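The values are calculated or read from the model by the stated rules, or taken from the named source; none is laboratory data. The structure displayed is predicted, hence computed values, not measured ones. Don't worry about glycine lacking a Cβ; one is built from the backbone with ideal geometry, like all the others, and counts go over all protein chains shown.
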Amino acid sequence: MKVAIIGSGNVGKALAKSATQAGHKVTLASRSPEKAREAAKSTNAHAADSTKDAVKDAELVVLAVPADKVDEVVGVLAPELDGKVIIDVTNRVDMKDPGKTLDGSSMSEHIQKKAPQAHVVKAFNYAFASKMADPKVDGKRLDGFVAGDDEQAKQKTLQFVESIGFRPIDAGPLAMARALEGMASLNIILQLKNSWPWQNGWKLVGPPEED
Ligand SMILES: NC(=O)c1ccc[n+]([C@@H]2O[C@H](COP(=O)([O-])OP(=O)(O)OC[C@H]3O[C@@H](n4cnc5c(N)ncnc54)[C@H](OP(=O)(O)O)[C@@H]3O)[C@@H](O)[C@H]2O)c1
C-alpha cells in the first residue's frame, strides 16, 4: 500500500520501519524537510518536502504528531484528506491529572469533525513506538486494535496492521477510540508508577487462541 506518515519522530520512524519491511511504499513528512529526509533514510522510506506532497497519492495517511498539533496539521491538509483513510495514532497525555484527558471524548472523533470527508480510524496509539517497530512479545503477536465507522477504511487498516506484525482486531466504531486512548494512558501510567521498562503491550488472552 502507499502510506504517508505525517511526523518523523518516535512513532513516524517506528511505523515507517515496520511498514517498509512489510513491503509498503512509505512517504514521510514533518515540519522540517531535513528531519523527514533523515528519518526516511534510516527507515528505507521516501521523504516529501511538505505534508501536502506526502498525502497526494497515499491510500493511508498516518497522523503521528503531538495531539496539540493535530488541528494545525489537519487544517493545512484539509481538502487533500477528502476520501482518504486517516490512521490516528495520537494520544493526549496529562500524567499529573489523567482525568483531564479521560473526559469521554477522543482525538479521533475530533479529527473526524475537522476532516468530515475523510475516513478516520484509530490504531496503534495503545502501543509504544518500540512495539510498533517490532510488535511481538515472547514470540506472540501483540493485539492491533482498529476502531472506525467506515467499514472499508477499517478493513484496509486491519490489513495494514496485520502486515506489519500485529494480530488484527476490529474494535468497533470510532467512538471506541475513547477506550483505546484510555488504554494508552493506563499503559503509560503503569510504566511510570512501577518504573517498568516501556516494553509492555496489549494482548487479550482466551479464545480465539492463535499461534
Ligand atoms: N512515542 C510513543 O511511544 C507513542 C506511542 C503511541 C502514540 N504516540 C502518540 O503519537 C504521536 C507522535 O508521538 P512521537 O513520540 O512520535 O512524537 P515526536 O517524537 O515528538 O514526533 C512528533 C513529530 O510530529 C511532527 N510535527 C509536529 N508539528 C507538526 C506540524 N505542524 N506539521 C507536521 N509535522 C509536525 C514533528 O516534526 P519535526 O520532526 O519536523 O519537528 C515530529 O516529527 C503523539 O500524539 C503521541 O502521543 C506516541
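Worth a mention:
- Residue list for the stretch 84-120, restricted to those being of a type in the set (Gly, Ala, Ser) and touching a residue at least 60 places away in the same chain (Cβ under 8 Å): Gly104, Ser105, Ser106, Ser108
- Residue match in the stretch 95-107 (condition: within 12 Å of the ligand (Cβ to nearest atom) and either part of a helix (DSSP H, G or I) or of a type in the set (Val, Ile, Thr) (or both)): yes
- Restricting attention to the stretch 119-144, the residues that are within 16 Å of the ligand (Cβ to nearest atom) and either in contact with an Asp or Glu (Cβ under 8 Å, 6 or more places away or on another chain) or hydroxyl-bearing (Ser, Thr, Tyr) (or both) total 8.
- Once the stretch 1-58 is narrowed to residues that are acidic (Asp, Glu) and in a helix (DSSP H, G or I), the residue that is nearest to Ser130 (Cα to Cα) is Glu38.
- Every pair of residues 6+ apart whose Cβ atoms lie under 8 Å, when the first sits in the stretch 7-19 and is more than 16 Å from Thr51 (Cβ to Cβ) and of a type in the set (Ser, Thr, Tyr) while the second is modelled with pLDDT of 95 or more and within 9 Å of the ligand (Cβ to nearest atom): Ser18/Met132
- Pair list, Cβ < 9 Å and 6+ apart or interchain, from the stretch 196-211 residues that are closer than 17 Å to Gly139 by Cα and modelled with pLDDT under 95 to residues that are of a type outside the set (Val, Ile, Thr) and part of a loop (DSSP other than H, G, I, E, B): Gln199/Phe128; Asp211/Gly139
- Test: residue in the stretch 156-174 that is farther than 21 Å from Leu15 by Cβ and either assigned to a loop (DSSP other than H, G, I, E, B) or among the basic types (Lys, Arg) (or both): yes
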